[in-house]
1. What are the residue pairs meeting all of these: first residue in segment 20-31, first residue over 21 Å from residue 191 (Cα atoms) and in contact (Cβ under 8 Å) with a residue 40 or more places away in the chain, second residue away from the ligand (no atom under 14 Å from the Cβ) and assigned to a helix (DSSP H, G or I), Cβ atoms under 9 Å, and 6 or more apart or on different chains?
2. What's the number of the condition residue 215 fails, among (1) within 12 Å of the ligand (Cβ to nearest atom); (2) in contact with a helix residue (DSSP H, G or I) (Cβ under 9 Å, 6 or more places away or on another chain); (3) touching a residue at least 40 places away in the same chain (Cβ under 8 Å)?
3. Which of (1) buried (at least 18 other Cβ atoms within 10 Å of the Cβ); (2) near the ligand (Cβ under 9 Å from one of its atoms) does residue 64 not meet, given it meets every other one?
4. Could you tell me how many of the residues in segment 7-38 are in a loop (DSSP other than H, G, I, E, B), away from the ligand (no atom under 14 Å from the Cβ) and at negative phi?
5. When segment 67-89 is examined, which residues are found to be more than 14 Å from the ligand (Cβ to nearest atom) and free of Cβ contacts under 8 Å to residues at least 24 places away in the same chain?
6. At pLDDT below 95, surrounded by 17 or more Cβ atoms within 10 Å (Cβ to Cβ) and in a loop (DSSP other than H, G, I, E, B): is that true of residue 2 in this structure?
7. Would you be able to tell me the number of residues in segment 179-191 that are without any contact (Cβ under 8 Å) to a residue 60 or more places away in the chain and either in contact with a strand residue (DSSP E or B) (Cβ under 7 Å, 6 or more places away or on another chain) or within 10 Å of residue 244 (Cα to Cα) (or both)?
Ligand SMILES: NC(=O)c1ccc[n+]([C@@H]2O[C@H](COP(=O)([O-])OP(=O)(O)OC[C@H]3O[C@@H](n4cnc5c(N)ncnc54)[C@H](O)[C@@H]3O)[C@@H](O)[C@H]2O)c1
């Protein structure tokens, strides 16, 4: 077990018990970290509140990642309650439904804007807001979640693939900006997992099936396996790693056919 005791972390992107961010939150809490969790709207607050109740002393705060005001309020709340921050997990992503079932050619200007704003720009805005809190701790670790659709075409992944390409490039640019302040920025590229966000992608179960058949490990990944990799990237054990996209996908990405 990697040790996060005495550390404070922010986890953005918990919607329900199937959320990848929730699996990471549970692992981080088991490793001794004290956590702040966010909810994007009043509709999801109850869900997050119920899950957070199973953690030790969690901090709960609203944060729609499309709002600079809410991001700034969140950073101020964490500063007041925790007095600094050691790690941040970014697990927010969204694209309007039609963009995940129509051909990519039909992507609307507004759908493109929203997908890139919520799923990629939010990493920049949130990291900028919490970087001073990490500096108070002498550095920190930022982790986001991406998918191979950034690089290869998956049916109906569409504008989310474009958003993930922007997200992965942002990981590299942020790592370069923040490295001198000892803040590391990395991503996990997870294999497909049936979550709320995944359910929005038309034909998602056929992606799961192809991974099962073609990945070197001949199986899909589990939430706990992504969480274990996340623990490594959040902990001291990965202290020389930044700007990296770590593949946690049963090896699927190495397959030629
Ligand atoms: N499930 C997969 O197959 C898979 C694979 C690779 C990467 N990912 C990525 O993992 C991350 C987490 O997704 P998940 O699969 O756990 O699904 P999820 O639906 O549980 O999580 C997505 C989260 O984004 C949040 N969100 C959406 N719009 C928001 C906004 N405006 N402000 C704040 N939060 C907002 C949702 O509330 C939700 O908590 C996403 O970035 C997703 O793209 C998922």
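The values are calculated or read from the model by the stated rules, or taken from the named source; none is laboratory data. From a predicted model like this one, the values you see are computed outputs, not experimental measurements. We place every Cβ from the backbone using ideal geometry, glycine too, and count neighbours over all the protein chains shown.
1. 31/231; 31/234
2. Only one criterion is unmet by residue 215, namely (1).
3. Condition (1) is where residue 64 drops out.
4. If we filter segment 7-38 for residues that are in a loop (DSSP other than H, G, I, E, B), which is where we start, we get 7, 13-19, 31-33.
Filter once more, keeping what is away from the ligand (no atom under 14 Å from the Cβ): 7, 31-33.
Keeping just the survivors that are at negative phi gives 7, 31, 33.
Residues in segment 7-38 being in a loop (DSSP other than H, G, I, E, B), away from the ligand (no atom under 14 Å from the Cβ) and at negative phi: 3 in total.
5. Taking segment 67-89 and keeping what is more than 14 Å from the ligand (Cβ to nearest atom), we get 72, 75-87.
Correct list: 76, 80.
6. Answer is yes for this residue.
7. Number of matching residues: 4.
Yes or no, residue by residue, for (1) over 17 Å from the mean Cα position of the chain (by Cα); (2) on the phi > 0 side of the Ramachandran plot:
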{"residue": "139", "(1), (2)": "yes, yes"}
{"residue": "155", "(1), (2)": "yes, no"}
{"residue": "193", "(1), (2)": "no, no"}
{"residue": "207", "(1), (2)": "yes, no"}
{"residue": "227", "(1), (2)": "no, no"}
